[in-house]
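Here the structure comes first, spelled out in structure tokens, and everything after it is commentary.
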Amino acid sequence: QVQLVESGGGLVQPGGSLRLTCVASKSIFSMSHMAWYRQAPGNERELVAIISSGGSTNYADSVKGRFTISRDNAKNTLYLQMNNLKPEDSAVYYCNDPTRALVQGTSWGQGTQVTVSS
């Protein structure tokens, strides 16, 4: 079973910043793309950002220019730096291998809650 542990969420005001962290199993993290997803109440889980094993990145249009995904392969750790946060960014954030995420019934971590509110 893949180990995925997210942390770093919290309550911030609009315009604020947070940095999320994800620690994953070494065997998975070192050989795959990794991605951040988010899910707000009543909504489908959506892809936020993705990074290749070599560091190439892509972002959802809604977060482009505000969020930065990065990884430390030696530490099996994924990061998401979130700047200029907006209320619509409020969601539970999850990390996963995007290929594995396509599998029905795949395992996810507990996620970390991000709330952006005045």
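The values are calculated or read from the model by the stated rules, or taken from the named source; none is laboratory data. Note that this is a predicted model, so its numbers are computed, not measured. Here Cβ is always computed from backbone atoms with ideal geometry, including for glycine, and neighbour counts include all displayed protein chains.
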remark   = Checked segment 61-93 for anything touching a residue at least 24 places away in the same chain (Cβ under 8 Å), part of a loop (DSSP other than H, G, I, E, B) and of a type in the set (Lys, Arg); matches are 86
inquiry  = Can you list residue pairs whose Cβ atoms sit under 6 Å apart, with the first residue in segment 94-109 being surrounded by fewer than 16 Cβ atoms within 10 Å (Cβ to Cβ) and the second being part of a helix (DSSP H, G or I)? Count only pairs 6 or more apart in sequence or on different chains.
reply    = 106/100
inquiry  = If I filter segment 19-30 for residues that are surrounded by 14 or more Cβ atoms within 10 Å (Cβ to Cβ), at positive phi and either outside any strand (DSSP E or B) or in contact with a strand residue (DSSP E or B) (Cβ under 7 Å, 6 or more places away or on another chain) (or both), do I get at least one hit?
reply    = no
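Hey, could you check segment 31-54 for residues that are part of a loop (DSSP other than H, G, I, E, B) and in contact with a strand residue (DSSP E or B) (Cβ under 7 Å, 6 or more places away or on another chain) and say which is nearest to residue 105 (Cα to Cα)? Before the answer, list the steps.
Initially, segment 31-54 is screened for residues part of a loop (DSSP other than H, G, I, E, B), giving 31-33, 40-45, 52-54.
Among the residues that remain, those that are also in contact with a strand residue (DSSP E or B) (Cβ under 7 Å, 6 or more places away or on another chain) are: 33, 40, 45.
Details: 33: 19, 40: 19, 45: 14 Å.
Among them, the one singled out is 45.
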ask   = Restricting the search to segment 72-93, which residues are buried (at least 17 other Cβ atoms within 10 Å of the Cβ) and among the charged types (D, E, K, R)?
value = 89
message = For the structure I just gave you, tell me whether residue 53 is in contact with a helix residue (DSSP H, G or I) (Cβ under 9 Å, 6 or more places away or on another chain), polar (S, T, N, Q), at pLDDT 95 or above and surrounded by fewer than 17 Cβ atoms within 10 Å (Cβ to Cβ).
response = no
message = For residue 46, only one of the following conditions fails: (1) over 11 Å from the mean Cα position of the chain (by Cα); (2) surrounded by 12 or more Cβ atoms within 10 Å (Cβ to Cβ). What is its number?
response = (1)
